[in-house]
């Protein structure tokens, strides 16, 4: 049998890296040789999805004396649809999870009880990224979820999604972990306001370099604006999905203090949304600004304010890449360009559909594509 020629490790790694999202191909790669097997394991076992259906099989795998995957575990997802005794059982067996850096918790119509929260935070104390998806329309309380997040001492990145309807007052003694650099919040506006008020109440204000806000109503912008401005020397990446309920609602969101901002993703929805977007973008003053991404639904083509938005963007964004993201309902790129003629003529405008936009995927998919029911 002819021996397969050996390839340099860099080439093997590059090939396997390209197959990261294709587990079937990765399995095939792992069977090529010992060299390919070692490189494939990192991708095959770096992300583990667990539910009540498969936790026992995963436990048996870890208990095997031949198991060597533990060093490759990087991200674990718990899909919780009950009281989750299976998580307690898994964590009671003394398995080592110190290599896990990212933990995702999906709660489908249930809440985590305190003993389970405590056990999870104890066994995953080394994680740096926590995502909590609280998918329940019941009267979910915000404060316990914030307390849970703060029980992980080494966190650097946090994503919290939920439909919290109570518990907006968070104990001021609870403090965000000191190394937090990125906050991603998809919460009802009153809950978001509660988080912002709590952050502002810190004796030493926790400042971030990346802030993604997936929904905020115009009437609840004050505390968010205050916190954003407090991050003036550190904030580099900002996303805001703004909702207006009436044309009379004023949007006062001043970004002039944020002089280190590199990129902004803005989506304004509701009556007079184009004027609102223009008001926010006109306050940008960062000399480091490179990217402005504006998401515009088709229905907003009929709104007023396009002339002012075009003139402002064309005059203030000479060295900035401006991308307008359309929804996928129809192709209206040419109509958008007609509404932004000066910016379009300058060559600084790019129009792209949301489903084909890598930049839109970067901002939106962490919530919208990750929230899936475990098979």
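The values are calculated or read from the model by the stated rules, or taken from the named source; none is laboratory data. On a predicted model such as this, the values are computed, not experimentally measured, just so you know. When we count neighbours, we look across all protein chains shown, and the Cβ atoms used for this are built from the backbone with ideal geometry, even at glycine.
Laid out as a table, the results:
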quantity: The range 52-80, residues that are loosely packed, with under 15 Cβ neighbours inside 10 Å and either in contact with a helix residue (DSSP H, G or I) (Cβ under 6 Å, 6 or more places away or on another chain) or assigned to a loop (DSSP other than H, G, I, E, B) (or both); calculated: 53, 64, 65, 66, 67, 68
quantity: Any chance residue 210 is surrounded by fewer than 20 Cβ atoms within 10 Å (Cβ to Cβ) and either under 23 Å from residue 179 (Cβ atoms) or modelled with pLDDT of 90 or more (or both); calculated: yes
quantity: Given (1) assigned to a loop (DSSP other than H, G, I, E, B); (2) modelled with pLDDT of 90 or more; (3) in contact with a strand residue (DSSP E or B) (Cβ under 9 Å, 6 or more places away or on another chain), number of the condition residue 343 does not satisfy; calculated: (1)
quantity: Inter-residue pairs, beta-carbon under 8 Å, first touching a residue at least 12 places away in the same chain (Cβ under 8 Å) and in the range 56-72, second assigned to a loop (DSSP other than H, G, I, E, B) and surrounded by 10 or more Cβ atoms within 10 Å (Cβ to Cβ), 6+ apart; calculated: 59/95; 62/69; 62/95; 70/95; 70/96; 70/99; 71/99; 72/99
quantity: The lone exception for residue 142 - which of (1) at pLDDT 95 or above; (2) in contact with a helix residue (DSSP H, G or I) (Cβ under 7 Å, 6 or more places away or on another chain); (3) within 28 Å of residue 235 (Cβ to Cβ) it fails; calculated: (1)
quantity: Residue match in the range 89-101 (condition: in contact with a strand residue (DSSP E or B) (Cβ under 8 Å, 6 or more places away or on another chain), under 27 Å from residue 166 (Cα atoms) and not in a loop (DSSP other than H, G, I, E, B)); calculated: no
quantity: The range 121-136 - residue that is within 21 Å of the chain's Cα centre (by Cα) and not in a loop (DSSP other than H, G, I, E, B) and, of those, surrounded by the fewest Cβ atoms within 10 Å (Cβ to Cβ); calculated: 135
quantity: Qualifying position, being assigned to a helix (DSSP H, G or I) and either over 22 Å from residue 111 (Cα atoms) or in contact (Cβ under 8 Å) with a residue 12 or more places away in the chain (or both), among 147, 212, 169, 202; calculated: 147
quantity: From the options 279, 268, residue that is within 24 Å of the chain's Cα centre (by Cα), at pLDDT below 95 and not in a loop (DSSP other than H, G, I, E, B); calculated: 268
quantity: Scope the range 227-244; condition in a loop (DSSP other than H, G, I, E, B) and touching a helix residue (DSSP H, G or I) at 6+ places or on another chain (Cβ under 7 Å); matching residues; calculated: 235, 244
quantity: Only one of 286, 319, 315, 355 that is surrounded by fewer than 20 Cβ atoms within 10 Å (Cβ to Cβ) and assigned to a loop (DSSP other than H, G, I, E, B); calculated: 319
quantity: Residues within the range 158-183 that are closer than 14 Å to residue 228 by Cα and either buried (at least 20 other Cβ atoms within 10 Å of the Cβ) or modelled with pLDDT under 95 (or both), tallied; calculated: 1
quantity: Subset of the range 137-153 [crowded, with 16+ Cβ neighbours inside 10 Å and within 23 Å of residue 204 (Cβ to Cβ)]; calculated: 142, 143, 145, 146, 147, 148, 149, 150, 151, 152
